[in-house]
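The values are calculated or read from the model by the stated rules, or taken from the named source; none is laboratory data. Computed from a prediction, not measured in an experiment: that's the story for all the values here. Cβ sites come from the backbone with ideal geometry, for glycine too, and all protein chains shown count toward neighbours.
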Amino acid sequence: MSIVDAFVIIAALLLAHFARFGVTDAPSLEGAWDASYLVVGLLLAVGWWLFLGFFRSRDLKVLGAGPEEYKRVVTASLYLFGLVAIISYVFQLEVARGYVGVALPAGIIALLAGRWLLRRRLVHLRESGKSIRRVVLMGGPSAVQHLNRSLNEVPGAGYKPVAAILPGFSLDTPAGQDGLPLPVASVSKNVDEILQVLDDYHADALAMSAGVAMKTRTIRQLGWALADRRISQIMAPALTDIAGPRIHAQPVAGLSLIHVSTPRLAGTEAFLKRTFDVVSSAALLMLLLPIFLIVGLLIKVDDPGPAFFHQRRVGKRGEHFYMHKFRSMVVDAEARLERLQADNEGAGVLFKMREDPRITKLGAFIRRYSIDELPQLWNVFKGDMSLVGPRPPLPAEVAEYEDHVSRRLLVKPGITGLWQVSGRSDLSWDESVRLDLYYVENWSFVQDLMILARTLKAVVAKDGAY
């Protein structure tokens, strides 16, 4: 990781130097000191590399899963160049703005690309059983079962549950007890017995979840013993579907108080998201205009009728709007819906059929590659929708929502979202709701960018598209 970072930084700075000054022209700084831009570039490269380490972007805890690694790379880079700007101002150093204007974006993009490639390699190794951490799970049966399932769903994170400890529960239990496909050890609350289990399974970490009825003093002694053996201690609180940035620890009177904040899409955050939506949708609409014309013409040739389909949907805070799509079904598709309800394969209140007879030949193609959804860019530009958000529901679906499901309407619906990149129509209703609520309660701009990146992969793979 360190070598890749160094190589990428040097390449980005060389690109900035040649783009700004050419191959032979290397002007010098004037003011408090005099040095060529090659020397400045070398100092900047060393500083950039050190800043990435200082912001712990190479920490093993953030590698392989989640957006935290990328956030730290971007944060370190922005802080460094902010410091360069301050130093230049204070000491009145003439630093070419074109040089910085190329170096910063080129370096960030290259660093993120390098990290992404290394992450793909690391995830592949972990999924094949290499570069993983063997974890013993400890807690109550239901908590351990949930933790085991969650870790196994993301093998790329590098945690492999190898055994479970259920302190105070039934005596030595065979594997598979309580729905756990793991060897289960029932021990007392004795630290030595817990350590023995860790030794037996060659564990690299102990993950403690809800249901561990142990005294604070015992847990502290266990933590000391784990530190001596260089075994990680992981606390997995029973707070499900809460992203890491929402959890903050605050030491008060010798206690570690855990605060769970609720992000509000307002103020600066709302302005940033809306600005990104407007600029991106406008650019895409202009870029894709020829495709709009071609697809519209092909639809009319394939099945006479309008090229676009307009349907009433429910947006933010229950406001209705008309969502636009390329027509992929016969003209009287809505009238035929009632006769097809018996063959519904959708999840919950959703209607879906893998072999829907209302879909035209061209419609099947544009749905498979999500081309039919491109007109929704106009909804985004108008403000009815966002590029990223929960799936826009029908009024009939909203009428059947349970109270907690209505929280999906706290933000604008999106063209894509966690639902889109996690299986789409193959998901159960409960899973679709869970993903949408997770997005609403854990929104971040970085997460939006990652969902957009994953959308391209989901569209190409045609996952759950029918």
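What number of residues within segment 313-341 satisfy the criterion of being in contact with a strand residue (DSSP E or B) (Cβ under 6 Å, 6 or more places away or on another chain) and surrounded by fewer than 16 Cβ atoms within 10 Å (Cβ to Cβ)? Selection size over segment 313-341: 2.
For segment 121-148, filtering for residues that are assigned to a helix (DSSP H, G or I) and of a type in the set (A, V, I, L, M) leaves 6. Among the numbered conditions (1) more than 30 Å from the chain's Cα centre (by Cα); (2) on the phi < 0 side of the Ramachandran plot, the only one that L272 does not meet is (1). Determine, yes or no, whether K130 is modelled with pLDDT of 80 or more and either touching a helix residue (DSSP H, G or I) at 6+ places or on another chain (Cβ under 6 Å) or not β-branched (V, I, T) (or both). So K130 fits the description; yes. If we keep just the residues of segment 204-233 that are of a type in the set (D, E, K, R) and under 28 Å from S131 (Cα atoms), which is surrounded by the most Cβ atoms within 10 Å (Cβ to Cβ)? So, considering only residues that are of a type in the set (D, E, K, R) and under 28 Å from S131 (Cα atoms), the one surrounded by the most Cβ atoms within 10 Å (Cβ to Cβ) is D204.
Inspect segment 368-379 for any residue being at pLDDT 80 or above and at positive phi and give the result as yes or no. The answer is yes, given that some residue of segment 368-379 is at pLDDT 80 or above and at positive phi. When G66 is tested against (1) under 30 Å from F445 (Cα atoms); (2) at pLDDT below 75; (3) surrounded by 20 or more Cβ atoms within 10 Å (Cβ to Cβ), exactly one condition is not met: (3). For segment 22-59, a residue qualifies if it is in a loop (DSSP other than H, G, I, E, B) and either modelled with pLDDT of 70 or more or touching a Phe, Trp or Tyr at 6+ places or on another chain (Cβ under 9 Å) (or both), and the qualifying residues are A26, P27, L29, G31, A32, W33, F55, R56, S57, R58, D59. Residues in segment 73-118 that are of a type in the set (S, T, N, Q) and within 17 Å of S57 (Cβ to Cβ): T75, S77. The residues on offer are L111, L117, L151, and the sole one that is in a helix (DSSP H, G or I), modelled with pLDDT of 85 or more and not assigned by TED's automatic domain parsing to the domain that holds L52 is L151. Looking at segment 139-154, is at least one residue among the β-branched types (V, I, T), over 19 Å from the mean Cα position of the chain (by Cα) and surrounded by fewer than 20 Cβ atoms within 10 Å (Cβ to Cβ)? No, there is no match, as no residue in segment 139-154 is among the β-branched types (V, I, T), over 19 Å from the mean Cα position of the chain (by Cα) and surrounded by fewer than 20 Cβ atoms within 10 Å (Cβ to Cβ). Taking (1) in contact (Cβ under 8 Å) with a residue 12 or more places away in the chain; (2) farther than 18 Å from I451 by Cα; (3) not polar (S, T, N, Q) in turn, R121 satisfies each apart from (1). Checked against (1) surrounded by 19 or more Cβ atoms within 10 Å (Cβ to Cβ); (2) free of Cβ contacts under 8 Å to residues at least 24 places away in the same chain, G389 passes all but condition (2). Answer yes if at least one residue in segment 219-229 is touching a Phe, Trp or Tyr at 6+ places or on another chain (Cβ under 8 Å) and assigned by TED's automatic domain parsing to the domain that holds H146, and no otherwise. The answer is no; no qualifying residue exists.
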